Amino acid sequence: MTTADELRVRVAELLAAHPPADTPRGDFLRARFDAGLAWVHYPEGLGGLGAPRSLQVLVDSELEAAGAPDNDPRRIGIGLGMAAPTILAYGTEEQKRRFLRPLWVGEEVWCQLFSEPGAGSDLAALGTRAVLDEAAGEWVVDGQKVWTSSAHTARWAILIARTDPDLPKHQGITYFLCDMHAPGVEVRPLRQITGEAEFNEVFLTGVRIPDGHRLGAVGQGWAVARTTLMNERVSIGGMRIPREGGMIAPVAATWRERPDLRTHDLHQRLLELWVEAEVARLTGERLRQQLVAGQPGPEGSGMKLTFARLNQEISALEVELLGEEGLLYEDWTMRRPEIVDFTGRDAGYRYLRAKGNSIEGGTSEILLNIVAERVLGLPAEPRDDKELAWKDLAR
Amino acid sequence: MTSPRAPFDLLYSETEEELRSAVRSLLADRCAPASILARVETDQPHDPRTWQTLAAGIGAAGLLVPEKLGGQGASHREAAVVLEELGRAVAPVPYLTAGVLAAEILLGCDPSSAEVSDLLRQVASGGRLCVPAVPLTLAPGAPLPTGVRDVGAGTLTGSVTSVADAAAADVLLVLADTGLYAVPASEVTLTPLVPLDLTRPLARVTLDGAAGTRLADAATARAAVAGALLTGAGLLASEQLGLAEWCLTETVAHVRGRHQFNRPIGSFQALKHRLARLWLDVASARAAARAAADALATGAPDAPLTVAVAQAYCSGVAVRAAEECVQLHGGIGMTWEHPAHLYLKRAKADSLALGTAGHHRGLVAEFAELPAPGTRPGTAVAGPTP
């Protein structure tokens, strides 16, 4: 067990050996990984020290205070939040050593090839096929994926594909690490209602993946994917937001600065949403305090639902509040933003982009089912798709 | 906006959980829904035996009163936990009025005066039941009532309507034009009213030459009452939270067990989504109510804003939870013998008590500097700093 004091010593040693001011960014990040200070709860040799996860905050804040570069976690969020914990849990030693260091340093960007046009909320219905070429020891993959953030910058992808269509849909899936530079991988931008293309479609045609890039056993891909998906939802709740932070901030600012726009109807709706935003902030803060106290509550499952609804309602109000200006939009030019950022954009963009908040990372309808079944213990709806072979399902 | 102080402590301490267990087990013994139902239509809707155990045995009556004045020296955080449990049981005991509002009014007067400290000690010990003679709907930030006049030497005339728990009171705290008076119940005429919420009886209090003991001058009295209303509104959020939680838990249990169309009705997605949303609302109400209790306990400068947020939010959640409870119980929810109606009546009455959600949103507008059309921002009591 590594203590806070030991971590402080290690941070000081790292900073002494690699002064941030004189060390190239990449060199510093590699040294930080090798010192076990990348993600302290990971094992030694893999960027960590086997320390409690809660101590990461201490390392991050000490390094930030010293002006050390970070690894731009928002740009490589899929690798950090989804690929890495899955590789750690299911990867071979060779896979962990090959992939985790360049992933954390940000030299290799990752994307996620899960969703398909025919398998969104019903992810396990996916139809992308992987067939083993036994002579070559390679899998041959054909299919189409969609909603793939970062695919155009990614070097690697986590991929789930169907390896046995005769089994029920959850059983015939296998999990792979896919080289995005392999022949047969084609990435096309997917333009969205905002006019921008954050996401991509990815077409896979005869893509060959060596068996050594399979993660977990053949046919066990669904269990591996669940690890990835659980980690996707862990991230919310850790952040501390100030009062009137988030989406309510620009609306409240406009309200204060522009008395000419005020109406009684808008005032009532603004106050309701201001109160709800404050309560959501307090709920997130309570969740954070529970985590710190070692009593994680089930509230985390609900925070995404709350923020999706609030973001949509607040941004909708903002467009109305602006009156004639609400009829305008800043720029329809197709751009390719690397990260989604609601700040510094106009109300129309926020309104349109927030529509995605109740769809991406699990639709609100699916999340409500999860809360109802896992938190409240309500029974699942009867379903007949669990026993049928995938090839016999209605499509 | 930067944070000038530590954020609210939104969790429950071990001491608070112990207090909760004590109150909950008392209420489980004495306040089962059937016994409340049997009581509410009698001429004694209050449950004096439970109140006595809660007030004196558990010490709830003196939670907010310092030890040197005979109380427990606890804080609003503990009082909030008591109210959560009382809300969960829709208990017919006068804790909100006597244990919170009256105690806070007396503490807002000069406790070094013998009259005030004597009364506080009796209140804190549960020896005398003291209730403020103000309408239950009186809200923090609203003009105080002016219906009672001192016609000379502490002789009071006037009347106050919709006074909660007056029927159980030994002493009434009366706000008159010249100050605050302690008036023995024997000096006033009580006209019981038929309340929407049967578990919190209402009466009109008529003073016709009633003799009272003056406890504070007019300015002190008004400030004390205003402060108590703020506290009461903040802690009422915890009662609303407890009530909403009971409604959610009971409804979930019902839809899991009730079968229609050869399935538990809780397996239908339409119902699951409603209950999941309600659970989210209740989880959020808990954060809001805890923030208000902690803000009051620590005397946070933004306590008025935090209380207004909690009331603006929790009122609606409690009513929605009770309405969903009735609806999702189907026909059973419409019957007198199922306790759902007690919760709906309490929730609806609570949404008027100590200021409606709309009133509290108006306070949010003032404190967060989000003025209504055509007004200049007022002098904010608490700005939008976290």
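Assorted remarks:
- The set of residues from region B:310-358 being more than 19 Å from the chain's Cα centre (by Cα) and not in a helix (DSSP H, G or I) comprises B:His329, B:Thr335, B:Trp336, B:Glu337, B:His338, B:Pro339.
- Inter-residue pairs, beta-carbon under 8 Å, first within 8 Å of chain B (Cβ to nearest Cβ) and in contact (Cβ under 8 Å) with a residue 40 or more places away in the chain and in region A:284-301, second of a type in the set (D, E, K, R) and crowded, with 17+ Cβ neighbours inside 10 Å, 6+ apart: A:Glu299/A:Arg286
- Test: residue in region B:254-262 that is facing chain A (nearest Cβ under 8 Å) and either closer than 27 Å to B:Val93 by Cα or modelled with pLDDT of 95 or more (or both): yes
- Unique residue being out of contact with any strand residue (DSSP E or B) (no Cβ under 8 Å at 6 or more places or on another chain), under 23 Å from A:Tyr349 (Cβ atoms) and surrounded by fewer than 20 Cβ atoms within 10 Å (Cβ to Cβ) when the list is A:Ala249, A:Ala293, A:Ala308, A:Ala280: A:Ala249
- Helices (runs of 4 or more DSSP H) (entirely within region A:30-134) containing at least 2 residues that are under 17 Å from the mean Cα position of the chain (by Cα) and closer than 25 Å to A:Pro337 by Cα: A:93-105
- Strands (runs of 3 or more DSSP E) wholly inside region B:135-227 that include at least 2 residues being surrounded by fewer than 18 Cβ atoms within 10 Å (Cβ to Cβ) and at pLDDT 95 or above: B:155-164, B:189-192, B:202-211, B:213-217
- Among residues of region A:243-283, those that are on the phi < 0 side of the Ramachandran plot, more than 7 Å from chain B (Cβ to nearest Cβ) and among the small types (Gly, Ala, Ser), counted: 4
- Conditions (1) among the hydroxyl-bearing types (Ser, Thr, Tyr); (2) assigned to a helix (DSSP H, G or I); (3) over 26 Å from B:Leu54 (Cα atoms); number of the one not met by B:Thr97: (3)
- Set side by side, the residues A:Gly47, A:Gly67 differ, and just one is at positive phi and in contact with a Phe, Trp or Tyr (Cβ under 8 Å, 6 or more places away or on another chain), which is A:Gly47.
- Once region A:165-203 is narrowed to residues that are of a type in the set (Asp, Glu) and in contact (Cβ under 8 Å) with a residue 60 or more places away in the chain, the residue that is farthest from A:Trp147 (Cα to Cα) is A:Asp166.
- Only a single criterion out of (1) out of contact with any Leu (no Cβ under 7 Å at 6 or more places or on another chain); (2) over 20 Å from B:Gly59 (Cα atoms); (3) in contact (Cβ under 8 Å) with a residue 60 or more places away in the chain is not satisfied by B:Asp165, namely (2).
- A single member of A:Glu62, A:Glu108 is touching a Pro at 6+ places or on another chain (Cβ under 7 Å) and surrounded by 15 or more Cβ atoms within 10 Å (Cβ to Cβ), and it is A:Glu108.
- Residues of region A:366-386 that are touching a residue at least 40 places away in the same chain (Cβ under 8 Å) and within 7 Å of chain B (Cβ to nearest Cβ): A:Leu368, A:Val371, A:Val375.
- Verdict on B:Glu84 being of a type in the set (Asp, Glu), part of a helix (DSSP H, G or I), more than 17 Å from the chain's Cα centre (by Cα) and more than 14 Å from chain A (Cβ to nearest Cβ): no
- Condition check for B:Ala283: within 11 Å of another protein chain (Cβ to nearest Cβ), aliphatic (A, V, I, L, M), touching a residue at least 60 places away in the same chain (Cβ under 8 Å) and part of a helix (DSSP H, G or I): no
- Residue in region B:171-186 that is under 27 Å from B:Ala89 (Cβ atoms), more than 20 Å from the chain's Cα centre (by Cα) and small (Gly, Ala, Ser) present: yes
- Scanning region B:256-270 finds no residues that are closer than 30 Å to B:Arg361 by Cα and surrounded by fewer than 20 Cβ atoms within 10 Å (Cβ to Cβ).
- When every residue of region B:69-83 is checked against the conditions, at least one turns out to be among the basic types (Lys, Arg) and out of contact with any Gly (no Cβ under 9 Å at 6 or more places or on another chain).
- Test: residue in region B:192-203 that is in contact (Cβ under 8 Å) with a residue 40 or more places away in the chain and within 24 Å of B:Val364 (Cβ to Cβ): no
- Matching residues in region A:29-45 - criterion: being over 14 Å from A:Arg10 (Cβ atoms), of a type outside the set (Lys, Arg) and surrounded by fewer than 22 Cβ atoms within 10 Å (Cβ to Cβ): A:His41, A:Pro43, A:Gly45
- Test: residue in region B:248-271 that is closer than 24 Å to B:Ala60 by Cβ, part of a helix (DSSP H, G or I) and either touching a residue at least 40 places away in the same chain (Cβ under 8 Å) or in contact with a strand residue (DSSP E or B) (Cβ under 7 Å, 6 or more places away or on another chain) (or both): no
- Sole exception among (1) at pLDDT 95 or above; (2) more than 19 Å from B:Val309 (Cα to Cα); (3) surrounded by 17 or more Cβ atoms within 10 Å (Cβ to Cβ) for A:Pro259, by number: (3)
- Top-ranked residue of region A:302-336 - restricted to ones that are of a type in the set (Lys, Arg) and within 14 Å of chain B (Cβ to nearest Cβ), ranked as farthest from the chain's Cα centre (by Cα): A:Arg309
- Some residue of region B:41-53 being within 20 Å of B:Lys345 (Cα to Cα) and at pLDDT 95 or above: no
- Considering A:Ile339, A:Ile359, the condition of being modelled with pLDDT under 95, more than 13 Å from chain B (Cβ to nearest Cβ) and under 16 Å from A:Lys304 (Cβ atoms) is satisfied by A:Ile359 alone.
- Here the condition is being out of contact with any Lys or Arg (no Cβ under 8 Å at 6 or more places or on another chain) and either within 12 Å of chain A (Cβ to nearest Cβ) or surrounded by 20 or more Cβ atoms within 10 Å (Cβ to Cβ) (or both); of B:Ala312, B:Ala288, B:Ala308, B:Ala293, it holds for B:Ala288 alone.
- A:Arg395, sole failed condition from (1) modelled with pLDDT of 90 or more; (2) more than 14 Å from chain B (Cβ to nearest Cβ); (3) exposed (fewer than 15 other Cβ atoms within 10 Å of the Cβ): (1)
The values are calculated or read from the model by the stated rules, or taken from the named source; none is laboratory data. Keep in mind that this is a model prediction, so the values were computed, not measured. Glycine gets a Cβ as well: all are built from the backbone with ideal geometry, and neighbour counts include every protein chain shown.
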